[in-house]
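None of the figures in this text is laboratory data; all of them are computed from the coordinates on show. It should be emphasised that the depicted structure is a prediction, and the values quoted were computed from it without experimental measurement. Glycine also receives a Cβ, built like all others from the backbone with ideal geometry; neighbour counts cover every protein chain displayed.
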Amino acid sequence: MDEAEGQFLLEIVSKATKLPGVKVDRRAFLAKTFNHLKGTELARLVEQGPQSLYKTKDLIKVANRVVLNDTEKSTVFSFAAGLPSNPVMMAGVTAANSGLMLVSRGLGTTVRKKMLQAALTKTFWYPLM
């Protein structure tokens, strides 16, 4: 990565951390994630990090649980956000489809009649008939 890319990445990260909901209170997150720890163990966890108390294998399990939990939450919110619009959208699509079919049928009948009249009188074989 060259200097410009590094600066660009740093700028993106610094702007992202200013967005609401991006910053995480580390102490609160660790206390929630490792809710079975109290007092001095929790203080040690916050000061020295989870790797000071747990093996890598155990931390991977905890990380997977946190990611799965957050994924489930975002899936539920996404589903709930999209749910109210779907019936309305389906009704709108159905109405538009019905209207388009009605207009195309009417135009089709009119155009067919006009084309039959014009086609018979304007073709080169009409005088032969």
Original post:
Let a ≥ b ≥ c be the square roots of the eigenvalues of the Cα gyration tensor of the stretch 1-47; is it rounded (a/c under 1.5), or, if not, prolate (a/b larger than b/c) or oblate?
Top reply: prolate
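Roughly speaking, what is the stretch gain from Ala95 to Ala4, that is 0.36 nm per residue apart minus the C-alpha to C-alpha distance, in nm to one decimal? Working shown, then result.
On the way: separation 91, 0.36 × 91 = 32.76 nm, distance 5.25 nm.
Value of the extension gain: 27.5 nm.
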Original post:
Among residues other than Leu30 whose Cβ falls under 15 Å from its Cβ, what is the net charge (Lys/Arg +1, Asp/Glu -1)?
Top reply: +3
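With Cβ to Cβ distances under 9 Å as the rule, what net charge do the other residues near Val46 carry (K, R +1; D, E -1)?
Working: positive: Arg26, Arg27, Arg44; negative: Glu47.
Around Val46, the charge tally is +2.
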Original post:
Leaving out same-chain residues fewer than 8 places away, which aspartates and glutamates sit with a Cα under 17 Å from that of Lys61?
Top reply: Asp70, Glu72
